[in-house]
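The values are calculated or read from the model by the stated rules, or taken from the named source; none is laboratory data. For clarity, every value in this text was computed on a predicted model and none was experimentally measured. For neighbour counting, all protein chains shown are included, and Cβ atoms are generated from backbone atoms with ideal geometry for every residue, glycine included.
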Amino acid sequence: MTLEYNSVAQRLADPATRLAALDVLEQHTGPHAADLAAAAMPALTDLMILDAADVPHTVFQRVGLLRARLLEETPLGDAKVALVRRMFGEGRYEAQLRSPGNVISEAVAKGAAALTREDALSCACSWAWWAQSTGGDDSLWHRASGFASSGEFYSMWMDAEVLLSK
């Protein structure tokens, strides 16, 4: 399968082609084309919002690491901010944090005593993007994610982030 920027989101969204699309993205050597990364990024976050029945731990982890890779391949500056905007804009960041049925929400619902290695790996992979985001300038990615200010972002984050809010 060859992935093009105009079909990658559809292939990631479709359960019949999702795993093959992830394989192609992961096996690609060198940086991905900017247009392909921009088209893939919102679809990747959309996957992390879905219920665990649709996106189990192994897929969730792959997606989280792929988002971090795409950010790592993008140089700091306007291109990286634009990619963060694609990843988290249009309410995607809050939707991911507030997802009622993704693997993170399911893990938290189990309680601390029942947490597994897979739960911990999924949590780590959901945050893998952080180190690759915008070089430490929080205000850049807050704005790129659609928040008017860092304060607005942190208020939502403290309320919605499943580990902090408990």
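When the residues of region 16-33 are filtered to those that are β-branched (Val, Ile, Thr) and assigned to a loop (DSSP other than H, G, I, E, B), the one that is farthest from ASP78 (Cα to Cα) is THR17. TYR5 meets all of the listed conditions (1) under 18 Å from LEU83 (Cα atoms); (2) at pLDDT 95 or above; (3) not acidic (Asp, Glu) but one, namely (2). For THR58, the stated conditions do not hold, so it cannot be described as in a helix (DSSP H, G or I), within 15 Å of the chain's Cα centre (by Cα), within 20 Å of ARG85 (Cα to Cα) and of a type in the set (Ser, Thr, Tyr).
Selection of first residues in region 34-51 that are part of a helix (DSSP H, G or I) and of second residues that are among the polar types (S, T, N, Q) and crowded, with 19+ Cβ neighbours inside 10 Å, restricted to Cβ pairs under 7 Å at least 6 apart or on distinct chains, gives the following pairs, ordered by first then second residue: ALA37/THR74; THR45/GLN96; MET48/GLN96; MET48/ASN102; MET48/SER126; ILE49/GLN96; ILE49/SER99; ILE49/ASN102.
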